[in-house]
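Trainee: Provided herewith is a single structure, encoded as structure tokens, for subsequent inquiry.
The values are calculated or read from the model by the stated rules, or taken from the named source; none is laboratory data. The model shown is predicted, which means the values in this text are computed figures rather than measured ones. Here the Cβ is made from the backbone with ideal geometry for all residues, glycine too, and neighbour counts use every protein chain on show.
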Amino acid sequence: MRTLSICLILGLFGVICQAGVITVDPGTGVTTVFTGTGLTQGAGPFIVNGFSVSGTNVAFGDAPYGLGNNGAWTSFSFLSANSNSSSVTIDLGASYGLVGGFMNYSTPHDVLGTNPTIVALAADGTTVLESDDLSAVAAISTPGGSNAGAFRGITRAQGDIRFLRLSGDFILTHSLEVGQVSAVPEPGTFGLILSGLSLVFLGRRHSVIRRS
């Protein structure tokens with residue numbers, strides 16, 4: 001019984017430590033708002049608000065930028081993958097457990113395009129830690145909106161995200177938040193952990209009583 005309970009508790013902690021997409025700004029990291037003006041385009045690398053940025057067709061600034069059915073950003077600063085199939089990679093400068101920003105993308109993509117995707121990469125710049133198709137797992141819908149979007153990000157308890165890659169559907173972000181993940185479980189998870197601990201101690205107590 002005790003072994004089973006310990007495994008249950010470890011399994012719960014494993015759930016807590018899993019990576020995943022977040023759709024609400026936790027407000028626990030440091031946020032940088034991109035402040036470029038006009039429109040700069042090219043392959044890079046560029047330095048944008050202190051971050052090294054690279055890609056085959058990067059764009060940044062605050063020029064009007066159409067997002068298809070999702071409206072447009074008008075005089076709203078952004079960093080973009082700048083095509084329906086290319087990507088932009090941001091060097092975060094250190095490794096973090098939380099990265100995200102206020103984003104949007106063009107809809108719908110054409111037959112040659114790719115879905116809007118956010119990817120967390122390790123320090124080597126190539127190992128994929130997490131990759132998520134936003135249109136499938138956390139779609140953004142702002143039909144006809146102006147300067148509209150939503151927070152999207154990735155969390156990892158390991159704190160090993162060094163690069164953030166945005167790709168497909170002219171995906172762009174107005175800001176970049178980096179930080180670490182809180183190790184405190186949600187109240188419901190606390191209850192499950194305490195229940196597991198009670199089983200451990202109950203089993204131990206019964207064992208002691210039988211030996212006496």
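Trainee: Would you call GLY144 farther than 19 Å from GLY55 by Cβ, modelled with pLDDT of 50 or more and touching a Phe, Trp or Tyr at 6+ places or on another chain (Cβ under 6 Å)?
Mentor: Details: farther than 19 Å from GLY55 by Cβ: yes; modelled with pLDDT of 50 or more: yes; touching a Phe, Trp or Tyr at 6+ places or on another chain (Cβ under 6 Å): no.
So GLY144 does not fit the description; no.
Results for (1) closer than 19 Å to VAL30 by Cα; (2) at pLDDT 95 or above; (3) of a type in the set (Lys, Arg); (4) surrounded by fewer than 13 Cβ atoms within 10 Å (Cβ to Cβ), shown as yes or no for each residue.
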residue: ALA122; (1), (2), (3), (4): no, yes, no, no
residue: SER175; (1), (2), (3), (4): yes, yes, no, no
residue: VAL178; (1), (2), (3), (4): yes, yes, no, no
residue: GLY203; (1), (2), (3), (4): no, no, no, no
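Trainee: Looking at ASN49, is it surrounded by 20 or more Cβ atoms within 10 Å (Cβ to Cβ), on the phi > 0 side of the Ramachandran plot and in contact (Cβ under 8 Å) with a residue 12 or more places away in the chain? So that I can check it myself, show each step before the final result.
Mentor: On the way: surrounded by 20 or more Cβ atoms within 10 Å (Cβ to Cβ): no; on the phi > 0 side of the Ramachandran plot: yes; in contact (Cβ under 8 Å) with a residue 12 or more places away in the chain: yes.
Here the answer is no, as ASN49 does not meet what is asked.
Trainee: Cβ contacts < 7 Å: first residue more than 18 Å from HIS109 (Cβ to Cβ) and among the charged types (D, E, K, R), restricted to the stretch 141-170; second residue surrounded by fewer than 22 Cβ atoms within 10 Å (Cβ to Cβ) and modelled with pLDDT under 95, any location; separation 6+ or different chain. Result?
Mentor: ARG156/ALA19; ARG156/VAL181
Trainee: May I pose another question? Quick one: is GLY144 of a type in the set (Gly, Ala, Ser) and surrounded by 18 or more Cβ atoms within 10 Å (Cβ to Cβ)?
Mentor: Values: of a type in the set (Gly, Ala, Ser): yes; surrounded by 18 or more Cβ atoms within 10 Å (Cβ to Cβ): no.
So GLY144 fails the test.
Trainee: Out of everything in the stretch 31-54 that is in a loop (DSSP other than H, G, I, E, B) and of a type in the set (A, V, I, L, M, F, W, C), what residue ends up being modelled with the highest pLDDT? Break it down into steps so the answer makes sense when it comes.
Mentor: From the stretch 31-54, those in a loop (DSSP other than H, G, I, E, B) are 34-38, 43-45, 49-50; that's our starting set.
Applying the additional criterion that residues be of a type in the set (A, V, I, L, M, F, W, C) yields 34, 43.
On the way: PHE34: 98, ALA43: 91.
Top of the filtered list is PHE34.
Trainee: Would you mind stating whether SER87 is modelled with pLDDT of 95 or more, touching a Lys or Arg at 6+ places or on another chain (Cβ under 7 Å) and among the hydroxyl-bearing types (Ser, Thr, Tyr)?
Mentor: Values: modelled with pLDDT of 95 or more: yes; touching a Lys or Arg at 6+ places or on another chain (Cβ under 7 Å): yes; among the hydroxyl-bearing types (Ser, Thr, Tyr): yes.
So SER87 fits the description; yes.
Trainee: Take the stretch 68-80 and flag every residue that is over 10 Å from SER146 (Cβ atoms) and either in contact with a strand residue (DSSP E or B) (Cβ under 6 Å, 6 or more places away or on another chain) or part of a strand (DSSP E or B) (or both).
Mentor: Matches in the stretch 68-80: GLY68, ASN69, ASN70, PHE78, LEU79, SER80.
Trainee: Regarding ALA94, is this residue in a strand (DSSP E or B), surrounded by fewer than 18 Cβ atoms within 10 Å (Cβ to Cβ) and touching a residue at least 60 places away in the same chain (Cβ under 8 Å)? Reasoning before the result, please.
Mentor: On the way: in a strand (DSSP E or B): yes; surrounded by fewer than 18 Cβ atoms within 10 Å (Cβ to Cβ): yes; touching a residue at least 60 places away in the same chain (Cβ under 8 Å): yes.
So ALA94 passes the test.
Trainee: Residues to consider are LEU172, LEU164, LEU112, LEU121; find the one that is more than 18 Å from THR23 (Cα to Cα) and in contact with a Leu (Cβ under 7 Å, 6 or more places away or on another chain). Write out each step before concluding.
Mentor: Numbers: LEU172 fails: more than 18 Å from THR23 (Cα to Cα); LEU164 fails: more than 18 Å from THR23 (Cα to Cα); LEU112 fails: in contact with a Leu (Cβ under 7 Å, 6 or more places away or on another chain).
Among LEU172, LEU164, LEU112, LEU121, only LEU121 is more than 18 Å from THR23 (Cα to Cα) and in contact with a Leu (Cβ under 7 Å, 6 or more places away or on another chain).
For every residue, the table says whether it meets (1) closer than 26 Å to GLY97 by Cβ; (2) β-branched (Val, Ile, Thr); (3) within 23 Å of the chain's Cα centre (by Cα).
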| position | (1), (2), (3) |
| --- | --- |
| THR37 | no, yes, no |
| ALA43 | no, no, no |
| GLY55 | yes, no, yes |
| GLY61 | no, no, yes |
| ASN70 | no, no, yes |
| THR74 | no, yes, no |
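Trainee: Next question. If I filter the stretch 56-68 down to residues being out of contact with any Phe, Trp or Tyr (no Cβ under 7 Å at 6 or more places or on another chain) and either modelled with pLDDT under 95 or closer than 13 Å to ILE171 by Cα (or both), which single residue comes out as surrounded by the fewest Cβ atoms within 10 Å (Cβ to Cβ)?
Mentor: Checked the stretch 56-68; the qualifying residue surrounded by the fewest Cβ atoms within 10 Å (Cβ to Cβ) is GLY66.
Trainee: Being aliphatic (A, V, I, L, M) and either closer than 15 Å to GLY100 by Cα or modelled with pLDDT under 95 (or both) is the filter here; which residues of the stretch 124-135 pass it?
Mentor: So the first thing to find is which residues in the stretch 124-135 are aliphatic (A, V, I, L, M), and the list is 128-129, 134.
Answer for the stretch 124-135, where residues must be aliphatic (A, V, I, L, M) and either closer than 15 Å to GLY100 by Cα or modelled with pLDDT under 95 (or both): LEU129, LEU134.
Trainee: Identify, please: which residue in the stretch 15-30 is assigned to a loop (DSSP other than H, G, I, E, B) and either at pLDDT 90 or above or charged (D, E, K, R) (or both) and is, among those, surrounded by the most Cβ atoms within 10 Å (Cβ to Cβ)? Full working, then the answer.
Mentor: Keep residues of the stretch 15-30 that are assigned to a loop (DSSP other than H, G, I, E, B), which gives 17-19, 23-29.
Checking the rest, the ones that are also either at pLDDT 90 or above or charged (D, E, K, R) (or both) come to 23-29.
Working: THR23: 15, VAL24: 10, ASP25: 17, PRO26: 15, GLY27: 9, THR28: 12, GLY29: 19.
Top of the filtered list is GLY29.
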